[in-house]
1. Name the strands (runs of 3 or more DSSP E) wholly within region 139-221 that hold at least 2 residues that are crowded, with 17+ Cβ neighbours inside 10 Å and in contact with a Gly (Cβ under 6 Å, 6 or more places away or on another chain)?
2. Select, from ALA45, ALA87, the only residue that is loosely packed, with under 15 Cβ neighbours inside 10 Å and either within 30 Å of ARG189 (Cβ to Cβ) or modelled with pLDDT under 90 (or both).
3. Just a yes or no: is a residue in region 244-264 among the basic types (Lys, Arg), modelled with pLDDT under 90 and not assigned by TED's automatic domain parsing to the domain that holds TYR92?
4. Can you name the residue in region 305-319 that is within 16 Å of the chain's Cα centre (by Cα) and farther than 13 Å from LYS269 by Cα and is also surrounded by the fewest Cβ atoms within 10 Å (Cβ to Cβ) among such residues?
5. Restricting the first residue to region 156-180 and requiring it to be free of Cβ contacts under 8 Å to residues at least 40 places away in the same chain, which pairs with a second residue that is small (Gly, Ala, Ser) meet a Cβ separation below 7 Å and a spacing of at least six or different chains?
6. All but one of (1) part of a strand (DSSP E or B); (2) free of Cβ contacts under 8 Å to residues at least 60 places away in the same chain; (3) closer than 30 Å to ASP184 by Cβ hold for ARG301; which doesn't?
7. Name the single residue that is modelled with the highest pLDDT among those in region 56-69 being surrounded by fewer than 17 Cβ atoms within 10 Å (Cβ to Cβ) and within 20 Å of VAL382 (Cα to Cα).
8. Which of the strands (runs of 3 or more DSSP E) found entirely inside region 305-407 contain at least 1 residues meeting this: modelled with pLDDT of 90 or more, in the same structural domain as ARG223 (by TED's automatic domain parsing) and of a type outside the set (Asp, Glu)?
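The values are calculated or read from the model by the stated rules, or taken from the named source; none is laboratory data. In this text, all values refer to a predicted model and were calculated from it rather than measured experimentally. Quick reminder, even Gly has a Cβ in these numbers, built from the backbone with ideal geometry, and neighbours come from all protein chains shown.
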Amino acid sequence: MKTAALAATMLALLSLGLSGCESQAESHTQSHAEDLHGAEHEGHAESGEGGHPAHKIMATSAVRRDVISTQPYVCQIHSCQHIEVRALEGGYLQEIRVKEGQFVKKDDLMFKILPILYQARLDSEEAEVNRVQIELDNATNLFQKGIVSPPEIALKKAELAKARAKMELARAELSFTNVKAPFDGIVDRQRNQLGSLIAEGDILTTFSDNSVMWVYFNVPEARYLEYKADLEKDGNEAAASGNTSQENVDHNGDGHEHLQIELKLANGKMFPQEGKIGAIEADFNNTTGNIAFRADFPNPRGLLRNGQTGTILMHRNLHDVIVIPQRATFEILARRYVYVIGEDNVIHQRDITIASEQDDIFVIEDGLKEGEKIVLEGIRQVRDGDKVDYEFHDPAEVLSKLKYHAE
């Protein structure tokens, strides 16, 4: 009996202890929930009118300035004169007076074809001229004595003229065996070796004048209109100042005031000479919508060779245009936007049109006015309609320290 009573007493005490623990846990849970509810209510009370907390961001403004717009174009480099040197007469190649890669002056002898047959023909025609001349002299003496009639003298003179014409033809054919340089230039690879049998029209080598290089590149129609306007503007300004010499304005009016042309070589280095527009083709390519330009580059050191490739850099001087940093913009579905800050510090998303792109800035064609404030940093922290606190930075200072592109 005593044992049973002791067991009952212990069970009762254990039940009371468990009940107290449960009550304490429920009280702690309820207290924690009340604290969270109070914090949430407090956070909502501190929110802005739009329901989003105010953000501290950096801002700047659109500004007008002069910039240089640069457009790259892949190009092909060609010699101003590049020809195939061909044999005008057939025969054995008797002499090769030049080496591959050699610089040759105009009228220097390059190749000589064995002239035996052509020399023999010339000798024969010269002998024929002498024979007809003797007959004409004899007939003239007889005419003076009244033995020969005037028509016979006329006939002999005609025969002499014909013989002389054949002699000149033979002399020309003989001269064709001497292949001379038509201009100053560089000899390319030789196609035939000494002693080879050459047929009329065979290529002996190619020959290039690299003093001026012609660089061809394709320009879209919109850019063509801009460049053409700049060329005409340069020409008009040069004409107004009376400075219309060939050194300052070419036949297309390139005075180099609004357009500068540079050539970047395949190794990434810049060619030291500045180019100018030498020609613009007559027709657009209807398939690509491009038109071919030709830029002429002096090549005094002979660095450029026919067939090279590179990149043309067209620099345009843009005066008094609106510019903003690239990192102040963002892109949605291939369109560019900025966040414009209103007078009430509420930001609004606005679509902009880009006229040209530089290293770290955009030139604005439409969508922004000078002095309008835009979000510079913190674009991803805000949304259209948010009211923000911002720290304004002078645009001149911002543009002088640009490093990053748009987000």
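1. Working: elements: 178-180, 185-187, 203-220.
In region 139-221, the matching strands (runs of 3 or more DSSP E) lie at 203-220.
2. Details: ALA87 fails: loosely packed, with under 15 Cβ neighbours inside 10 Å.
Within the list ALA45, ALA87, the selection yields ALA45.
3. Pass one, region 244-264, residues among the basic types (Lys, Arg): 264.
Then drop every residue that is not modelled with pLDDT under 90, which leaves none.
No; the residues of region 244-264 include none that is among the basic types (Lys, Arg), modelled with pLDDT under 90 and not assigned by TED's automatic domain parsing to the domain that holds TYR92.
4. Checking each candidate, the answer is GLY307.
5. LYS156/ALA139
6. Checking ARG301 against (1) part of a strand (DSSP E or B); (2) free of Cβ contacts under 8 Å to residues at least 60 places away in the same chain; (3) closer than 30 Å to ASP184 by Cβ, the one that fails is (1).
7. MET58
8. Working: elements: 309-325, 330-332, 335-341, 347-357, 361-366, 373-377, 389-392.
Counting at least 1 such residues, we get 309-325.
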